[in-house]
Structure formats: structure tokens, C-alpha cells
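Structure, as C-alpha cells:
The values are calculated or read from the model by the stated rules, or taken from the named source; none is laboratory data. Here the structure is a predicted model, which is why all the values come from computation and not from measurement. All Cβ positions, glycine included, derive from the backbone under ideal geometry; neighbour counts span all protein chains shown.
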Amino acid sequence: MTPDPTQDRPRRRTRVALRDVAKAAGVSIGTASDALNGKGRVDLSTRAEIVATAERLGYRANRAARHLRRGSTGILAFAHTMPTDSPVELSGIEYFVQILTSAANAAARHGYALVISPIQPGNLDDLHVDGVIMQDPESGSPLLALLEERGIPAVTAGRVPGRPREEGWWVDNDIEGETMRVLDHLAEQGARSVALVSTRPTRSYTFDSIRGYERWCGQRGQAPRIVLFDGNASESRAYEATLPLFAEPDPPDALYAPLDRLAVGAQLAARGVGLRVPEDVMVAAGSDSESTRSASPPVTALALHPDRIGSVAVDLLVERLRNAAAEPPRHVIVDSEIALRESTARGAG
């Protein structure tokens, strides 16, 4: 007798359906659905029994079917707004990966899938998602308004420049306040003249960093020393922009940059003209990455917790989706800390 080759194949496990849970628990399909979704007027003991039955049978909700019944796609888009032809910086990748990973995990926890989409004004008609998380929207960008016109809810990771704080749904750090806190630390370590090095502001973190710096200078009676440059936020551009500061009659003895790679470039400029860090000039950054941690010497920086920002952004977006009438708009401030390192370890004495 010829053996049947299919006999040794493992049998495909049959998916447990909602009706199987209802039958095993002795309730209607509607009652089982209400109990598992936390809806309806199911008493606590019955709800607990249904949940236990579902776990015993290995029931998993069909998320795709659930979203179809709700008239949704079950997909959220994570939109970066950087030009597609802009060079990629490793420190930027680190921040992006942290915020994206936490956002993807939070989306899955809420029953959604997260996709990355380089959203541009010309491709919105092809965007079939339930909502959008937009990272660091640029000043003057029409994208957010276009999404709102199409009825696509959005939450921004980083405020929209020019908008009042009470408008829109967003999550961010208190960049202005934290900038002032880092500058206080530099002063406590003996800094008498702090200069700021940055790209020209187009996004909220740069605007807020400059605003915090100017407020701090006003409180200290120090004339602001701001160096702004055009182009990419790279170490080499920061290096070139910082060098002229040390040719001035009274050069600064401390440097602050909103971005990690700019601080590293500024530190390289100081060391390139023979200055010691931190003895002659201290350096601090408004964001942290492997670039600041592995610099020589390691650079004091703000730990902004992008993992928390990504998770909170998804929570806010899901809140909007599940309560379309949710008003007023909400925003969340994520705490940050100063990671103290050798670049500012001078001491006031």
C-alpha cells in the first residue's frame, strides 16, 4: 500500500471564531462581542467568564474585520516631512528609529498598523489611512491644513511653528524651558559668555531653542551671540560657522547648539583652534545621541525621550479617532533631563 504523504503533514490549526467563544460560554454572539470589547451591559461575572473562555480557546479578534465594520482601514501613517533628497545624518536616524519604534508598538497595542509615508501635497489623494502622525512640521508647510481639509485626523510630534500652543493636537518637550535650564548649568559651571550655534529656524525645536536662549540672555543681562547658518544641519557646517567666533576680540567661553551634531561640530571647531574643552570653552547640546555620547570629550546634552514622544503621539491620535468630537485639542509635554558629561565639567571655581 502506497503511503499517503499528506498524513505526516501537521494539520492547520482552525482559527477560533467569536461564535465558538459564545457557544462555549453559553451566551449569544452579541453578548460575547460586548464582553470582549468592554461594551454593553454585561454583568461582571458573565464578562469574566467570557474573557476566560476566550483565553482558554485561544481566541484572537480579527482586527481587519473589525476595522471594516467601523469603516476604517486600521492603518496609521507616520509622516516625516524632510525633503526626500536631503542627506541622512546618523544621529537623526537614531532619533527617528526610537520615535518610530515606540509609535509602532503603541499602534499595535491599539489594534492599528503603522506605515511610514513621505507625505507631500501632491500625494494626499493616494493616502488611504485613518490618521497621521507628523514629525516636526516645518514652518509654512501646508500639509497639516490639507490633511484637515480632507478630514484626516493628525497629531504632530513637535509643535507647528507659528501656531498658538493651545491650538492643534501635539506632543513635544518643553524645549524653551529646557534650553534655559542647560544654560543655567553652564553659568553654574563658570560660563560668562555663551554663544548659540544653529541652522536658521524652520521647525519648532529651533525656534523654541532660540527663544529660550534670548530669554535667558535677557534675564542675565548678556547680549545674545547667535550664529545662524543655511543648509544642512551637519557637523561640518557647524564647524565652519563656529570658527569665526574664536577670532573675535572677546570669544565665548561656552557654546550651545539645539542639535547634537551641531554641538559636536562646534566642539571640533574649538579644539581645532587649540582650545581645551571644557577648560577654555564648554559645549552643550539640545538633543542627545551616540554622536554626543562618543564625542571627545563626551558632550552634555538634553535627553528628550523620543520613545515616549512616539507612544504619546499614537495615544493622542487614537483618542481623536475614537472620539471625533473631542474638544478642545490636547497636547502633552514630555519631560526631559540633562545628561551631564565631561564637556561642561569645568566647575565654577
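Taking the listed residues GLU138, GLU176, GLU148, the one that is of a type in the set (Asp, Glu), modelled with pLDDT under 90 and in contact with a Lys or Arg (Cβ under 9 Å, 6 or more places away or on another chain) is GLU138, with no other qualifying.
For segment 238-268, the set of residues classified as part of a helix (DSSP H, G or I), hydrophobic (A, V, I, L, M, F, W, C) and within 23 Å of ILE338 (Cα to Cα) consists of ALA238, LEU262, ALA263, VAL264, ALA266, LEU268, listed by residue number.
Of the candidates THR206, THR199, the single residue that is of a type outside the set (A, V, I, L, M) and in contact with a helix residue (DSSP H, G or I) (Cβ under 7 Å, 6 or more places away or on another chain) is THR199.
Scan segment 201-256 for residues that are of a type in the set (Ser, Thr, Tyr), out of contact with any Pro (no Cβ under 7 Å at 6 or more places or on another chain) and surrounded by 14 or more Cβ atoms within 10 Å (Cβ to Cβ) and the total you get is 5. Pull up segment 243-288, narrow it to residues that are touching a helix residue (DSSP H, G or I) at 6+ places or on another chain (Cβ under 8 Å) and acidic (Asp, Glu), then point me to the one that is nearest to HIS305 (Cα to Cα). For segment 243-288, the residue satisfying everything is ASP288.
Scanning segment 148-165 for residues that are under 17 Å from GLU319 (Cβ atoms), buried (at least 22 other Cβ atoms within 10 Å of the Cβ) and not hydrophobic (A, V, I, L, M, F, W, C) turns up just one, THR156.
Before we move on, is ALA48 at pLDDT 90 or above and either surrounded by fewer than 16 Cβ atoms within 10 Å (Cβ to Cβ) or part of a helix (DSSP H, G or I) (or both)? Judged against the criteria, ALA48 is not a match. The residue that is surrounded by the most Cβ atoms within 10 Å (Cβ to Cβ), counting only those in segment 318-349 that are under 26 Å from ALA303 (Cβ atoms) and at pLDDT below 90, is ARG346. Selection of segment 216-227 for residues being outside any helix (DSSP H, G or I) and either in contact with a Ser or Thr (Cβ under 6 Å, 6 or more places away or on another chain) or of a type in the set (Gly, Ala, Ser) (or both) yields GLY221, ALA223. Within segment 80-92, can one find any residue that is modelled with pLDDT under 75, in a helix (DSSP H, G or I) and surrounded by 13 or more Cβ atoms within 10 Å (Cβ to Cβ)? Yes: segment 80-92 contains one or more residues that are modelled with pLDDT under 75, in a helix (DSSP H, G or I) and surrounded by 13 or more Cβ atoms within 10 Å (Cβ to Cβ).
Let's see how each residue does on (1) part of a helix (DSSP H, G or I); (2) farther than 20 Å from GLY111 by Cα; (3) at pLDDT 70 or above; (4) not small (Gly, Ala, Ser):
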residue: ARG11; (1), (2), (3), (4): no, yes, no, yes
residue: ASP20; (1), (2), (3), (4): yes, yes, yes, yes
residue: VAL27; (1), (2), (3), (4): no, yes, yes, yes
residue: GLY30; (1), (2), (3), (4): yes, yes, yes, no
residue: LEU36; (1), (2), (3), (4): yes, no, yes, yes
residue: THR53; (1), (2), (3), (4): yes, yes, yes, yes
residue: TYR59; (1), (2), (3), (4): no, no, yes, yes
residue: HIS67; (1), (2), (3), (4): yes, no, no, yes
